[in-house]
Amino acid sequence: MHVQQILKEYLELHGYWVLFLGTFLEGEAILLLAGFLAFQGYLNVLGVICTAWAGSFLGDQCYFYLGRFKGRGLLKRFHSIAKKFREALKMIEKYGNYVAFISRFTYGFRIVLPIILGITNLAPRTFLWINLVSALIWAAAFSLGGYLFGKSASLVLDNVSNYEQYLVLILFAFIFMAWCGHAWHVWKLKKPARDRLARIRVIQISRRTSS
């Protein structure tokens with residue numbers, strides 16, 4: 001049996017479950033890949049969007065209720081969540097319920113924000129409806145992004161199937177570059193705080209040595 005046929009049968013059998021679990025957690029990279037595979041005919045693009053919608057929606061619902069029932073304990077137990085809690089509160093104060101809509105689009109807060117929203121007094125019904133719409137837009141945008149990537153490649157290449165492995169590598173390279181760009185931007189924004197902390201430490205050390 002041809003390798004591509006084996007891959008197609010495997011993805012038809014397991015691909016949607018893998019996509020569901022991936023979007024339940026984070027999912028941008030796997031969703032872009034699924035969109036590309038849908039263009040190649042391994043998956044159905046509508047099935048990809050619906051699966052990603054369900055996974056993303058149910059994931060954020062679970063995180064929201066995790067925050068509602070266990071949030072205070074998580075803040076005490078996990079320093080990373082407590083640190084992001086202060087930053088997230090500033091976002092909530094600034095944007096209000098709109099934060100519930102953009103939470104899955106904010107790198108580094110994808111899981112933390114729904115947990116923190118669960119700790120606040122945001123009504124579960126309000127979060128549910130915002131989460132439904134946000135998850136649908138997110139699923140459609142990234143699925144079609146991968147699909148259109150394949151479509152664009154087909155305009156340049158005679159037979160996309162012959163270059164699948166290279167196109168997948170290019171897709172992941174693009175995702176990695178976007179992640180690096182975001183990480184650099186965050187690092188640059190936090191540089192003044194790191195400089196202040198470094199100056200404080202120098203002052204503390206100099207006081208200890210002088211005493």
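The values are calculated or read from the model by the stated rules, or taken from the named source; none is laboratory data. All of these numbers come straight from a predicted model, not from anything done at the bench. As a convention, Cβ positions derive from the backbone with ideal geometry for all residues, glycine included, and neighbour counts pool all protein chains shown.
If the requirement is being of a type in the set (A, V, I, L, M, F, W, C) and touching a Lys or Arg at 6+ places or on another chain (Cβ under 9 Å), which of these qualifies: Leu25, Leu21, Leu13?
Values: Leu21 fails: touching a Lys or Arg at 6+ places or on another chain (Cβ under 9 Å); Leu13 fails: touching a Lys or Arg at 6+ places or on another chain (Cβ under 9 Å).
Answer to the check: Leu25.
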Identify, by number, the condition in (1) at pLDDT below 80; (2) surrounded by 14 or more Cβ atoms within 10 Å (Cβ to Cβ); (3) outside any helix (DSSP H, G or I) that Ala153 doesn't meet. (3)
Residue set Lys76, Lys84; condition within 17 Å of the chain's Cα centre (by Cα) and modelled with pLDDT under 75; output residue Lys84
Of the numbered conditions (1) in a helix (DSSP H, G or I); (2) at pLDDT below 85; (3) surrounded by fewer than 22 Cβ atoms within 10 Å (Cβ to Cβ), Leu122 satisfies every one except a single condition; which is it? (1)
